[in-house]
1. Does residue 49 meet the test of being modelled with pLDDT under 85 and under 20 Å from residue 130 (Cα atoms)?
2. Return the residues of the range 71-93 that are surrounded by 12 or more Cβ atoms within 10 Å (Cβ to Cβ) and not in a helix (DSSP H, G or I); say none if nothing qualifies.
3. Assigned to a helix (DSSP H, G or I) and closer than 30 Å to residue 27 by Cα, is that true of residue 106?
């Protein structure tokens with residue numbers, strides 16, 4: 001083989017490789033991302049997140065009341081506030097509003113090849129097991145995080161109360 005033939009073969013290989021890698025890096029289509037979101041049951045995860053947030057808000061309200069009896073008027077206020085908060089959450093987490101955002105994020109993040117691979121994975125028994133068990137993983141993680149964060153929150157509340165007490169003491173010194 002002469003130098004010209006080797007150059008042509010080398011250039012052909014380089015072009016073929018670069019074309020192949022360009023195809024690997026092509027942005028994912030909107031249709032394929034929507035398919036991924038569907039087989040990935042992202043909509044269900046959003047719904048589960050809303051349910052968990054609702055339960056979490058109710059738990060926080062119960063903790064705030066600390067087992068004390070509240071008047072019917074106060075309970076109505078609490079119920080109304082919870083309903084308003086959940087309405088706000090539902091508005092923000094509305095799938096019709098979220099889906100275009102997911103499409104944009106996935107297009108910025110995944111190539112077509114990766115989206116195709118993920119679609120294939122989610123169609124497997126292992127992928128389906130991941131999807132089926134992910135809500136439980138999320139709930140268990142939330143429960144664990146609450147246990148980790150709760151002592152810190154109590155400590156922060158104590159610190160806040162101490163700061164308020166110090167400010168009040170300063171005011172009394174100045175005015176008293």
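The values are calculated or read from the model by the stated rules, or taken from the named source; none is laboratory data. Note that the coordinates shown come from a computational prediction; the quantities given were computed from them, not determined experimentally. Every residue, glycine among them, receives a Cβ derived from its backbone with ideal geometry; neighbour counts consider all protein chains shown.
1. In short, yes.
2. Once the filter is applied, which keeps residues that are surrounded by 12 or more Cβ atoms within 10 Å (Cβ to Cβ) and not in a helix (DSSP H, G or I), the range 71-93 yields only 93.
3. Values: assigned to a helix (DSSP H, G or I): yes; closer than 30 Å to residue 27 by Cα: yes.
When the stated conditions are applied, residue 106 passes them.
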